[in-house]
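Novice: Quick one: the structure is below, and I'll ask about it shortly.
The values are calculated or read from the model by the stated rules, or taken from the named source; none is laboratory data. None of the values given here were measured: they were computed from a predicted structure. No Cβ is skipped: glycine too gets one built from the backbone with ideal geometry, and neighbour counts run over all protein chains shown. With ligands, DNA and RNA removed, areas are computed over all heavy atoms of the protein, side chains included. Shrake-Rupley method; radii C 1.70, N 1.55, O 1.52, S 1.80 Å.
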Amino acid sequence: MARVAIITGATGGLGMEFIRVIDNWDDIDEIWAVGRNEDKLSNLSYSYKKVIAISVDLLKNGMEILSEKVMLEKPEIRLLINNAGVLLTDSIESIKLDDWNTTFATNTTSTMLMTKHFIDILLETKGCILNNASIDGLQSCNRGRASYAYASSKAAVIHFTQLCALNYANKGVRINCICPGVTETPFFTNIYKN
């Protein structure tokens, strides 16, 4: 039975960094790299021996595809990293409801759905969940930057993580959240180069 780490948002800067580090771990046999960019996924599977590329959209049929793969292969999931994210910015006067909903769906709902779908396996393996939030979810430190939806969605991820940690720590599942600050990745630099 393969010992597996699942990483969503695997084709982004932090996702690729998670893969680079975990690829050297002896206690992980496969890294299921989940993302939408097929070219980047292909490059990851070529560059890292443990990567299994899974091209899905978590908000469409991605959960079903991942669930089927788990049912067929019955892996020992040791680690789930919820890293999928999007940053759409606009002023409060101009923000579009579709952008707000897309931000929450990608940043928060996908985190909840992945946790919901894999918590039973992680209870069996005594595994870990790592949710990627943001310093923006901790404090309103970016006056002038219109990150209303992003910061609010990341605050929700932080609170969701805290509730999960409280409810599953005594059952052997560690659930934590990281809150990185500004990190030089394409995610960040593409937004602000204009």
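Novice: Condition check: touching a helix residue (DSSP H, G or I) at 6+ places or on another chain (Cβ under 6 Å), crowded, with 18+ Cβ neighbours inside 10 Å and at pLDDT 85 or above. Does Gly137 satisfy that?
Specialist: Here the answer is yes, as Gly137 does meet what is asked.
Novice: If you don't mind, another one. Kindly provide the set of residues from segment 109-161 that are among the aliphatic types (A, V, I, L, M), more than 14 Å from Thr8 (Cα to Cα) and not in a helix (DSSP H, G or I), ordered by number.
Specialist: First, the residues of segment 109-161 that are among the aliphatic types (A, V, I, L, M): 112-114, 119, 121-123, 129-130, 133, 135, 138, 146, 149, 151, 155-158.
Narrowing the set further to residues that are more than 14 Å from Thr8 (Cα to Cα) leaves 119, 121-123, 135, 138, 146, 149, 151, 155-158.
Matches in segment 109-161: Leu138, Ala146.
Novice: Given (1) at pLDDT 95 or above; (2) touching a Phe, Trp or Tyr at 6+ places or on another chain (Cβ under 8 Å); (3) small (Gly, Ala, Ser), where does Gly127 come up short, assuming only one miss?
Specialist: (2)
Novice: Tell me which of these Thr111 doesn't satisfy, since it passes every other one: (1) open to solvent by less than 40 Å² (accessible area, probe 1.4 Å); (2) free of Cβ contacts under 8 Å to residues at least 24 places away in the same chain.
Specialist: Failing condition for Thr111: (2).
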